[in-house]
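Student: This structure is in C-alpha cells; I'll ask about it shortly.
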C-alpha cells in the first residue's frame, strides 16, 4: 500500500464540527449500531409481517440500499440524519397498527400460515417496508461514512468491520438471552443519542420524540403480547380446557403453529398420528427418533405406543421449554426421553444412533434461515440426501415416516417420490383427509418393513422431481422464479434507481466505480453461498448462522490487515487467484464434505468457503485503497451488494452451487472494468 493511501486527509469542508467522540470510537459505535439495527429490523418485522417470514431478504436489500445511500450523502450535506429515528418510529407504528397475513393461494410457492388474508398485498407492503428499511439504515450509514474522510481508507474500513463484529456479537447475545424487542429499541435509542448531537430545540425534539415512540410501542407490544422471543419466532401461547381436555395453543409470529394436547385425545381425533405405528412392522420400538418434537405431543404419542427410548429433536428452544412446562402429559419429564435442541438434518448427519422408527413430525417452519438467503429452516430436511441419511440411521426392519397437512397433491407425490428414490421402493401413502391434503408417508428399510393399507399409484407425470441439497426448494413447484418475487424485485429496483438519483445526483458520479459495484454484487453471492453451505454442513440453527456471518467479517478483516501490512500481488494476479478459489469451491461437492468426520469437516469447510471471500476482499481492499473518492467507492460497493441480493434469487433456478458461476462472471466483468491504471498498493 502506498504511503499516500494511508495518510490521513484533512476533514472535508462539509464535515460537521468535532464530535464528542473521536473518529475511531465513533466509527466503532456507528458501525456496530448499523449492523445491530439491520439484524433487529430483519428479526422484528418478520415476526409481525407474515410476508417477511419468507422474504426477509427484502429487508437485507433495503438495508444495503440505505447503507449505500448513506455513504453517497457524505459531503453533500452537513445536516444530522434525524430522518432515521423518525422513519424508524413510523415503521414501528405502522407495523403494529396494521398487521398483515399472507395470501396462502399465491401460485408457484407455498406458505405455511393462517387461513385468513388481511392487510395490503405482498407486492405493495414489501416495497414499502423495503423503502422504510433503506431510510432507517441510511442514517447510521451516513454517520459511519462521515468518519471515513477522517481516517485512512483501510484503517476506516478496518474499524467498520470491528464495529460490525461487535454488532453481531451484541445481537447474538440478546438472542441467546431471549431479550424482547423493547431491549432492541432501547439500544437503538441509546445509539442515536450517542451518535447524534442536536444543537437546537428542533433537533432535540427530532431525536427524543421518535426514540420515545419506538421504545414505548415496543414496550407495549412486549407487555400486551405476552410473547416469548426465540431466536426464530415471536412465540405466544394460550392454555384452556376444551370439553374437559387441557389444551395449549401455540402461535409463532401471530400464526397458529402447534397444539399441546394429551396423546390419547390426539390419537382419537386425528388418525395421522397413529398411522406411522400401524405401517411399521417392527415388533418392538426400542429406539425412536422424532424430528420436530416441538411442544411434545408427538413424543407423548411415541411413549404411549410403547417406545423404549425417544430422541426428541427440536430446533427452537422456546417451543421445547413451553412443552416441558405446560404439556398435559409432561412427556419431557419421562426418563425415556432425551431432548436435543438442534437442526434435524444436522442431527441425522452426526448421530451414531440407530432407530426402529424415525418420524418427521410436522417439521415445517414459518421463517427463513437468515436474511441472506431463500433457505427455510426445514429446507435441507426434505431432500433426497436427507431421506438417505434417515435410511442409514434405521435398524434392520426399521421404518421412516412423516406426516403433515401438505395442502397440495403434487407436494404429497413429490415427497413420496423422494422417499422412493431414497429407499429404493414405493412407500406407503395415506391421504387421511383431502381437506388440506393431510397425509402420512411411510417407508420401511425394506419393502417387508412396511405394511401399506393400499399401494401408492406413483407420482403423476406433472409431479416435480425430488429436491436435492443444491436446490432444496420443496415448496417451489417449477424451476423458475415465482412472479411474486419478480414483481416485488422489479418494484424494488425501480425504487432503488430513483433513490440513488435523488440522493447521490447524476449516475455518472459512480461510473468510475462500476467495478466496485460488481465486486459488491459478487461478494453478496459468496456470502449467500457460505450461509447456505454451512447450514447444510452444520445445521440451520441461529448459532451456526451467527458464526458464519461473524466468520465472513473475520475473513474480510484478515484480508484488510493483509493488504495493510504485507506486500500483495498486483490486481491481475489476485483476480486469477480469486477465480481459482471459486473453481475449487465449485469442484468440492457438499456430499464429500458431509462424509468427513466432524473434526475434519470444520477446517476443510472453513477453507473452502472462506478462501474465496478472503481473496475477493484483498482485491477489494487494494482497489478501494487507491480510489479517488472513498465514500462514493464504498457506497457503490454496497449498492452492488443490493444488486447481488436480487441475483441471489437465481438460486431458485440454478441452485446454490450455480451462484459460484454467477459470482465468477461478475468478478470477470469487474476485472474488465478495472480502471486502466490499477493501483500499485500492498
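Student: Given just the C-alpha atoms of the range 155-250, how large is their convex hull per residue in cubic angstrom?
Tutor: Cα-based convex hull of the range 155-250, divided per residue, equals 103 Å³.
Student: Still on this structure, please answer the following. When a footprinting reagent is the concern and you count Cβ atoms within 10 Å, what order do 329, 249, 298 take, fewest first? Don't jump to the answer; show the numbers that get you there.
Tutor: Values: 329 23, 249 16, 298 27.
Fewest-to-most Cβ neighbours within 10 Å comes out as 249, 329, 298.
Student: Fewest to most neighbouring Cβ within 10 Å: what's the order for 176, 610, 347?
Tutor: Exposure proxy ranking, most exposed first: 176, 347, 610.
Student: Between the range 245-268 and the range 57-97, how far is it from one alpha carbon centroid to the other, in angstrom?
Tutor: Rounded to whole Å, the Cα centres lie 40 Å apart.
Student: For the Cα atoms of the chain, what angle does the longest principal axis make with the long axis of helix 409-423, in degrees from 0 to 90, nearest 10?
Tutor: Once rounded, one gets 80 degrees.
Student: Ok, one more. Under 37 °C and 0.692 mPa s, how fast does the range 602-682 diffuse according to Stokes-Einstein, given a Kirkwood radius computed over C-alpha pairs? Answer in µm²/s, whole number.
Tutor: 228
Student: What percent antiparallel are the DSSP beta bridges of the chain, to the nearest 5?
Tutor: In the chain, DSSP labels about 60 percent of beta bridges as antiparallel.
Student: Here's a follow-up. List the equivalent ellipsoid semi-axes of the range 582-624 in whole Å, largest first, each obtained as the square root of 5λ for an eigenvalue λ of the Cα gyration tensor.
Tutor: 26, 11, 4
Student: Over the range 224-284, what is the mean sequence separation of C-alpha contacts under 8 Å (at least six apart), divided by residue count, expressed as relative contact order in percent?
Tutor: 19
Student: Also: For the range 528-617, what is the Kirkwood hydrodynamic radius in Å, using each pair of distinct C-alpha atoms?
Tutor: 13.9
Student: Relative to the compact-globule scaling 2.2 N^0.38 Å, provide the ratio for the alpha-carbon radius of gyration of the range 325-467. If you can, show how the numbers build up before the last one.
Tutor: Details: Rg = 15.8 Å, N = 143, 2.2 N^0.38 = 14.5 Å.
The reported ratio for this selection is 1.09.
Student: For q values of 0.13, 0.14, 0.16 Å⁻¹, compute log₁₀ I(q)/I(0) with the Debye formula on a Cα-only model of the range 409-558, without solvent.
Tutor: Normalising to I(0) and taking log10 leaves -0.88, -0.94, -1.06.
Student: Need one number: nm distance between label points at residue 598 and residue 566, each 7 Å from Cα along Cα→Cβ, rounded to one decimal.
Tutor: 3.2
Student: A further question follows. Could you give the length gained on full extension between residue 392 and residue 550, defined as 0.36 nm per residue of separation minus the Cα-Cα distance, in nm?
Tutor: Here the answer is 53.5 nm.
Student: Using alpha carbon centroids, what distance separates the range 491-566 and the range 377-394, in Å?
Tutor: Each part's Cα centre sits 31 Å from the other's.
Student: A follow-up question, please. Which of 428, 452, 646 has the fewest other C-beta atoms within 10 Å, and how do the rest follow up to the most?
Tutor: 452, 646, 428
Student: Another question about this same structure. Once each part is reduced to its C-alpha centroid, what is the distance from the range 574-612 to the range 127-176 in angstrom?
Tutor: Cα centres, the range 574-612 to the range 127-176: 29 Å.
Student: Based on the alpha-carbon gyration tensor of the chain, what equivalent-ellipsoid semi-axes (square roots of 5 times the eigenvalues) come out, in whole Å, largest first?
Tutor: Working: eigenvalues 427, 166, 89 Å².
Equivalent ellipsoid semi-axes, largest first: 46, 29, 21 Å.
Student: A further question on this structure: Where does helix 57-73 land angle-wise versus the long Cα axis of the chain, in degrees 0 to 90, nearest 10?
Tutor: The angle comes out at about 10 degrees.
Student: Per the Kirkwood treatment, what hydrodynamic radius in Å, one decimal, follows for the range 198-247 from the mean inverse distance over all distinct Cα pairs?
Tutor: Its Kirkwood hydrodynamic radius stands at 14.2 Å.
Student: Right, next: If only Cα atoms are counted, what is the Rg of the range 533-583, and what is its Dmax, in Å?
Tutor: That works out to 14.5, 40 Å for Rg and Dmax.
Student: Relative to the longest principal axis of the C-alpha atoms of the chain, give the angle of the C-alpha long axis of helix 23-48, reported between 0 and 90° and rounded to the nearest 10°.
Tutor: Once rounded, one gets 30 degrees.
Student: Under Stokes-Einstein, with the Kirkwood radius over Cα pairs standing in for Rh, what whole-number D in µm²/s applies to the range 471-540 at 4 °C and 1.567 mPa s?
Tutor: It comes out at roughly 85 µm²/s.
Student: How big is the range 244-399 in terms of Cα radius of gyration and Dmax, in angstroms?
Tutor: For the range 244-399, the Cα radius of gyration and maximum Cα-Cα distance read 15.2, 46 Å.
Student: What is the extension gain from residue 212 to residue 96, computed as 0.36 nm multiplied by their sequence separation minus the C-alpha to C-alpha distance, in nm to one decimal?
Tutor: Gain on extension, residue 212 to residue 96, equals 40.2 nm.
Student: While we're here: If I take R0 = 22 Å and measure r between the Cβ atoms of residue 193 and residue 76 in this structure, what FRET efficiency does the formula 1/(1 + (r/R0)^6) give, to the nearest 0.05?
Tutor: Efficiency computed from Cβ-Cβ geometry: 0.35.
Readers should treat all values here as calculations from the given coordinates under stated rules, not as data from a laboratory. It should be emphasised that the depicted structure is a prediction, and the values quoted were computed from it without experimental measurement. Heads up, the Cβs are rebuilt from the backbone with ideal geometry, glycines too, and the neighbour counts pull from every protein chain shown.
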